[in-house]
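One structure is given below, encoded as structure tokens.
The values are calculated or read from the model by the stated rules, or taken from the named source; none is laboratory data. Quantities reported herein were computed from a predicted structural model and do not represent experimental measurements. Because the Cβ atoms are built from the backbone with ideal geometry, glycine has one as well, and the counts that use them run over all protein chains shown. In case anyone asks, the SASA skips ligands and DNA or RNA and just uses the protein heavy atoms, side chains included. Shrake-Rupley method; radii C 1.70, N 1.55, O 1.52, S 1.80 Å.
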Amino acid sequence: MEISLQVARENKLSRITVINLDVGKMQHLNESIMQHGFDAAKQGTTAGEASLKLNWLPVKLKCNECHHIFTSADMKLSCPYCGSKDTNIVQGTELNIKSIEGE
Ligand SMILES: [Zn+2]
């Protein structure tokens, strides 16, 4: 919320209508909690009428053994190709504002 208001000031927006947010599934957030927090935070700001659009990013991992990159649908962190548990998260921990629409 803080960041989106800052972006709005930088872009000289008088009113924010939509905030597009990238959220990685590793964040363990759910949509209703996000919407609730957003609705509380936006009161009395230039984003008072804004809606929040969440773009959920799947968790992607890279295997350090066989170097495959794979999507983890069920939060398993082991490699489906070679079974290695030596993997790095390459996507899924994001919590970024992708874009802001306003006027
Ligand atoms: Zn592997």
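Here is a check on your reading of the model: is Lys62 of a type in the set (Lys, Arg) and either open to solvent by 70 Å² or more (accessible area, probe 1.4 Å) or modelled with pLDDT under 90 (or both)? For Lys62, the condition - of a type in the set (Lys, Arg) and either open to solvent by 70 Å² or more (accessible area, probe 1.4 Å) or modelled with pLDDT under 90 (or both) - is not met. With respect to the conditions (1) within 16 Å of the ligand (Cβ to nearest atom); (2) open to solvent by less than 70 Å² (accessible area, probe 1.4 Å); (3) at pLDDT below 95, Met1 falls short on a single one, namely (1).
Using the structure shown, decide if Val23 is over 13 Å from the mean Cα position of the chain (by Cα) and surrounded by 12 or more Cβ atoms within 10 Å (Cβ to Cβ). The answer is no for Val23. Scanning the stretch 78-90 for any residue that is under 19 Å from the mean Cα position of the chain (by Cα), surrounded by 14 or more Cβ atoms within 10 Å (Cβ to Cβ) and touching a residue at least 40 places away in the same chain (Cβ under 8 Å) turns up at least one such residue. At least 3 residues being farther than 27 Å from Ile3 by Cβ and either out of contact with any His (no Cβ under 7 Å at 6 or more places or on another chain) or within 16 Å of the ligand (Cβ to nearest atom) (or both) is the threshold, and among the strands (runs of 3 or more DSSP E) wholly inside the stretch 20-103 those reaching it are 59-63, 69-72.
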